[in-house]
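Written out below as structure tokens is the structure these notes cover.
The values are calculated or read from the model by the stated rules, or taken from the named source; none is laboratory data. Since the structure is predicted, the reported quantities are computational estimates derived from the model, not experimental observations. Cβ coordinates were reconstructed from backbone atoms using ideal geometry, including for glycine residues, and neighbour counts include every protein chain displayed.
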Amino acid sequence: MSPDFVAVWVYLSASPLTALTITLVAYLLGDWIYQRSGKIPVLNPVLIAVILITIGLAVTDIDYWTYFEGAQFVHFLLGPATVALAIPVAKLLKTMRGGFGPLVIALVAGSSTAALSAVLIADILQASEQTVLSLAPKSVTTPIAMGIAERIGGLPSLTAVCVIMTGIIGAMIGPYVLDVTRIKSWHARGFAMGLAAHGIGTARAIQINKDAGAFASLAVGLNGLATATLIPIFFYLWQWLTGA
């Protein structure tokens, strides 16, 4: 390998724009594969992009924090993207008002199940307390989940990984699970996807049906609000009861 090429590569690998370009190209390639496959759920573009970037970083020996210097521009957009989910919700606001009661019941049941199941399984597997606390908000969108984890003593970085994996797996198998359970309503399917698989599940729901996408967007917002409010309360209540 020529010295000139090595010098150029060292410069490029340290450039934030290189990391940003790698991220965008990996996702576009993942989306191309997804579209060409006929939108098969298991070929989720986010999953493909994660695999490609992981392989690329391992092969080129670029450490994560150097990569994140460029990828943080995409990371910054998580917040605005989450807020923008209000747009499809506003378009179907009248439709949603009629089913507010069932939505609240589904929200409480889904949010509680997502948090408690993760905590109980981790506890049964004898995970550390910090790991258990990091898993509790794993079904909420990343910015909110990381804030909750930091508040209750978890590891925000571990929570972010769990959130992303939850979203990818939910987007991959969610439609199949809903088909097996014979749930036909786009409203119910969308709300379930948003509640269980947050932003990535919502993106999948929007691709399938606009009504499903709107209800998935609503679920992401409500679940984030409910989880951010309830988990810290339950955590401090548990500490008080156990004297921890």
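May I ask you to list the residues in segment 2-41 that are at pLDDT 50 or above, farther than 19 Å from Ile169 by Cα and among the aliphatic types (A, V, I, L, M)? Ala14, Leu17, Ala19, Leu20, Ile22, Leu24, Val25, Leu28, Leu29 - these are the residues of segment 2-41 that are at pLDDT 50 or above, farther than 19 Å from Ile169 by Cα and among the aliphatic types (A, V, I, L, M).
Would you point out which residue out of Gly190, Gly153, Gly213 is in the same structural domain as Pro102 (by TED's automatic domain parsing), surrounded by fewer than 22 Cβ atoms within 10 Å (Cβ to Cβ) and more than 14 Å from the chain's Cα centre (by Cα)? Please lay out each step first, then the result.
Details: Gly190 fails: surrounded by fewer than 22 Cβ atoms within 10 Å (Cβ to Cβ); Gly213 fails: surrounded by fewer than 22 Cβ atoms within 10 Å (Cβ to Cβ).
Result: Gly153 is the single residue among Gly190, Gly153, Gly213 that is in the same structural domain as Pro102 (by TED's automatic domain parsing), surrounded by fewer than 22 Cβ atoms within 10 Å (Cβ to Cβ) and more than 14 Å from the chain's Cα centre (by Cα).
Among the listed residues Lys184, Lys210, identify the single one that is touching a residue at least 12 places away in the same chain (Cβ under 8 Å) and of a type in the set (Lys, Arg).
Values: Lys184 fails: touching a residue at least 12 places away in the same chain (Cβ under 8 Å).
Going through Lys184, Lys210 in turn, the sole match is Lys210.
I'd like the full set of residues that are out of contact with any helix residue (DSSP H, G or I) (no Cβ under 8 Å at 6 or more places or on another chain) and outside any loop (DSSP other than H, G, I, E, B), limited to segment 168-187. Of everything in segment 168-187, those that are out of contact with any helix residue (DSSP H, G or I) (no Cβ under 8 Å at 6 or more places or on another chain) and outside any loop (DSSP other than H, G, I, E, B) turn out to be Val177, Asp179, Val180. For segment 134-141, the criterion of a residue being modelled with pLDDT of 85 or more, part of a loop (DSSP other than H, G, I, E, B) and more than 10 Å from the chain's Cα centre (by Cα) is satisfied by no position. The residue that is modelled with the lowest pLDDT, counting only those in segment 54-102 that are assigned to a loop (DSSP other than H, G, I, E, B) and under 22 Å from the mean Cα position of the chain (by Cα), is Leu85.
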